[in-house]
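Trainee: Okay, handing you the structure first.
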Amino acid sequence: MMSNRFRRSAIAAVAALTLPLALTACGSDDDDKKSDSSSSEQKEQKSEEPTEDAQQAGAKPFGPGCASVPESGKGSFDGMAKDPVATAASNNPELSTLVTAVKKAGLVDTLNNAENITVFAPTNAAFEKIPEKDLNAVLSDKKMLTDVLTYHVVGKKLAPKDLESGTYPTLQKSDLKTAGSGEEYKVNDNSTVVCGNVPTANATVYLVDTVLMPEK
């Protein structure tokens, strides 16, 4: 028969061997949980990082001409972002002549129904550079007016970076060229962007200080 003292010693020895193994196993489970938790957190952080499109969408309008845009209401940047481009332009006091021209050409629905376009929008001051006689002649000739206006529209959205050195076909079918960097850009060398990257519901708008003329 095994003595009680020997039996207690054997049990103690087995316990001494088993306890570290149990603790090691527990530690391994905890490490796995921590690793899984860390991996999950990294995935969540990665998914929360903004995409390029989101970053671009958050970019703000720029340029000296932006100071004339109302701070609130439908003609403000926030207000224009909610409306399609022709409607948005009609709420901006700096674009009233352009809006009149768009209506005369019957292009309101065309512009409002287009998707993901860029509009280089001449300000009132841009139209004032055109001699009154010449401007009236253009406004009274629907075909000529349509050619001029659709030349200001590119069939995709252009980010400021796209304007650094680009050539883009317009809805009028002729190309226009852009160049510049930072917050200073020109279109066809003779028209300057005075307020750029203005969002509307279906377009990105760049206000320009000179009316663009397509090649004949």
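Trainee: Return the FRET efficiency for the residue pair Asp141, Lys177: r is the Cβ-Cβ distance, R0 is 45 Å, and the value is rounded to the nearest 0.05. Could you put the intermediate results ahead of the total?
Mentor: Details: r = 26 Å, r/R0 = 0.57.
In this case the efficiency is close to 0.95.
Trainee: Using just the C-alpha positions of the stretch 135-216 as equal point scatterers, what log10 of I(q)/I(0) does the Debye formula give at each q in 0.12 1/Å?
Mentor: Here log10 of I(q) over I(0) equals -0.34.
Trainee: Something else now. Sticking to Cα atoms, compute the Rg of the stretch 54-208 to one decimal and its Dmax as the biggest Cα-Cα distance, whole number, in Å.
Mentor: 14.4, 46
Trainee: Using only alpha carbon positions, build the gyration tensor of the stretch 176-216, then give the equivalent ellipsoid semi-axes as the square roots of 5 times its eigenvalues, largest first, whole angstrom. Spell out each step's value before the answer.
Mentor: Values: eigenvalues 64, 38, 15 Å².
In descending order, the three semi-axes are 18, 14, 9 Å.
Trainee: Now for a separate question. Can you give the Rg and Dmax of the stretch 55-104 based on its C-alpha atoms, in angstrom?
Mentor: So, for the stretch 55-104, Rg and Dmax equal 11.4, 37 Å respectively.
No lab work stands behind these numbers, since they all come straight from the coordinates. Everything numeric here is computed off the predicted structure, so don't read it as measured data. Ideal geometry is used to build each Cβ from the backbone, glycine not excepted, and the neighbour counts take in all protein chains shown.
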